[in-house]
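Okay, structure first, notes after.
The values are calculated or read from the model by the stated rules, or taken from the named source; none is laboratory data. Not measured: the values here are computed from a predicted model. Neighbour counts are summed over all protein chains in view; Cβ atoms, including those assigned to glycine, are modelled from backbone coordinates with ideal geometry. When the accessible area is computed, the model is the full protein with side chains, heavy atoms only, and any ligands, DNA or RNA have been set aside. Shrake-Rupley method; radii C 1.70, N 1.55, O 1.52, S 1.80 Å.
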Amino acid sequence: MYSLDSQWWPSYCGVQSTLPTAQQLYDTPFNFGSYNPEEIGCLSRTASHTFPNDSRNKHYLRSDAQWMSDVHFDLLEGYPERYIRATTERRDRSVNHILAWLLKCWSQQQGAGALSSTRPVNFDFVVRRGHLVKVLVTPHVQNGWKLAVTLFRGTYYFLEIEDNEDFSDAGDCCDYMGHKFEQYMTSDSPGRAPNPSQVLDVNEAFYSLVKASVKNHSILLSAEVDSEDPLVRHLKAPACYVELKTTLMRGDPGTVSSIKRLHYWAQSFLGGVPRILVGFKRDERTVVKCRTFDVTARGLTQRAPTSAEVPDYWKPQICFNFLDAFLSFVKKVVTEDNHAVVYVFSWNRGDDVRYQIKRGQEHCFLLPEFVQRLTQQPR
């Protein structure tokens with residue numbers, strides 16, 4: 001849909017044409033106390049890909065999770081007989097589920113009346129958490145990315161672009177195993193035991209809608225939630241949420257590679273999730289150990305440290321300073337307020353962040369009902 005074979009657009013007068021990613025440029029202090037994600041809503045994704053504004057697909061961490069250590073979870077149990085693979089989610093990387101949530105909120109609060117704000121969506125950026133993770137870790141990783149950005153009625157919206165997707169049986173298998181661990185660890189109501197024998201439909205999900213700010217950038221992001229811990233339900237979301245991960249066990253049990261720690265931390269910290277429960281696999285399919293990590297501004301801290309902690313080669317302040325620089329870069333570059341104009345930002349290892357401009361209605365990725373609703377509003 002978005003090819004990068006056309007000529008790069010030159011820089012505008014006074015606007016840089018690329019954004020450097022070298023770590024040393026961003027290794028300055030960052031005030032992490034100013035980053036306070038707050039949940040302002042939630043929604044579920046159903047098997048039929050509707051997005052009701054409720055928590056029907058929220059899952060709850062098993063009550064004995066904090067005492068679990070030695071386990072035996074077969075992550076391929078039930079595959080492929082009790083597996084309903086993702087149908088459109090891999091192709092839907094835009095923020096349309098957030099826009100559907102906004103439309104329902106407006107309908108409930110204001111009926112058919114006009115929106116009161118000159119900027120109807122009163123955030124600078126509306127984005128999936130996964131999009132920001134890719135940007136956040138850029139100075140420390142090698143894998144490139146492409147993000148499309150459109151400016152509409154004063155707000156910037158994101159879409160991830162992927163050239164190489166894995167729709168193979170191997171891709172399905174990996175997808176199943178990740179969700180299977182969640183099935184072993186959670187249930188659909190607090191206090192109920194997990195039921196790993198039920199059908200696993202990966203099209204169902206629960207999202208937290210979070211508002212946050214990075215310096216002077218206000219953000220509305222959606223974060224898929226793995227589980228809520230019933231033991232801390234009194235805490236305001238997202239502080240009661242727990243991420244669930246699996247990784248192959250290498251060396252001492254409980255040791256996570258530095259690159260995975262970076263991605264675990266980035267995902268959880270952006271969404272305000274304070275804990276990660278990691279299942280360590282003896283082989284590709286069998287989880288035998290569970291460990292809990294706390295998510296802080298300094299990185300990940302294991303509650304029961306091993307004798308061989310992996311030193312992190314990455315720095316949180318570099319990540320957030322680069323994210324701030326990227327969001328500022330987007331604001332300087334993306335100046336045409338038009339849902340049919342899309343700016344494609346891309347980054348590849350060893351290069352700066354670059355961008356192209358695509359024009360035409362065919363490039364619009366915003367929900368049509370959302371575009372129509374805001375187009376009808378007076379400026």
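Output the residues belonging to segment 266-302 that are polar (S, T, N, Q), touching a residue at least 40 places away in the same chain (Cβ under 8 Å) and not in a strand (DSSP E or B).
Looking only at segment 266-302, we keep the residues that are polar (S, T, N, Q), and these are 267-268, 286, 292, 296, 301-302.
Next cut, touching a residue at least 40 places away in the same chain (Cβ under 8 Å) only: 267, 286, 292, 302.
Across segment 266-302, the qualifying residue is only 267.
Give segment 152-174 a look and list any residue that's open to solvent by 40 Å² or more (accessible area, probe 1.4 Å) and either over 19 Å from residue 288 (Cα atoms) or of a type in the set (A, V, I, L, M) (or both), or say none. Outline the logic, then answer.
Of the residues in segment 152-174, the ones open to solvent by 40 Å² or more (accessible area, probe 1.4 Å) are 162-170, 174.
If the condition is that a residue be open to solvent by 40 Å² or more (accessible area, probe 1.4 Å) and either over 19 Å from residue 288 (Cα atoms) or of a type in the set (A, V, I, L, M) (or both), then 162, 163, 164, 165, 166, 167, 168, 169, 170 are the ones that fit.
Restricting segment 322-375 to residues that are basic (Lys, Arg) and farther than 30 Å from residue 30 by Cα leaves a set whose member that is most open to solvent (accessible area, probe 1.4 Å) is 359. Going by what's in this entry, would residue 189 be described as open to solvent by 10 Å² or more (accessible area, probe 1.4 Å) and either under 20 Å from the mean Cα position of the chain (by Cα) or basic (Lys, Arg) (or both)? Taking the combined requirement at face value, the residue does not satisfy it.
Let's see how each residue does on (1) out of contact with any Gly (no Cβ under 7 Å at 6 or more places or on another chain); (2) farther than 21 Å from residue 144 by Cα; (3) at pLDDT below 95:
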residue: 306; (1), (2), (3): no, yes, yes
residue: 354; (1), (2), (3): yes, no, no
residue: 357; (1), (2), (3): yes, no, no
residue: 363; (1), (2), (3): yes, yes, yes
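Of the residues making up segment 192-208, those that are hydroxyl-bearing (Ser, Thr, Tyr) and surrounded by 14 or more Cβ atoms within 10 Å (Cβ to Cβ) are 207, 208. Every test in (1) assigned to a loop (DSSP other than H, G, I, E, B); (2) touching a strand residue (DSSP E or B) at 6+ places or on another chain (Cβ under 6 Å); (3) open to solvent by 30 Å² or more (accessible area, probe 1.4 Å); (4) not charged (D, E, K, R) is passed by residue 234 save one, and that test is (2). Considering only residues in segment 238-265 that are at pLDDT below 95 and crowded, with 21+ Cβ neighbours inside 10 Å, the one that is nearest to the chain's Cα centre (by Cα) turns out to be 256.
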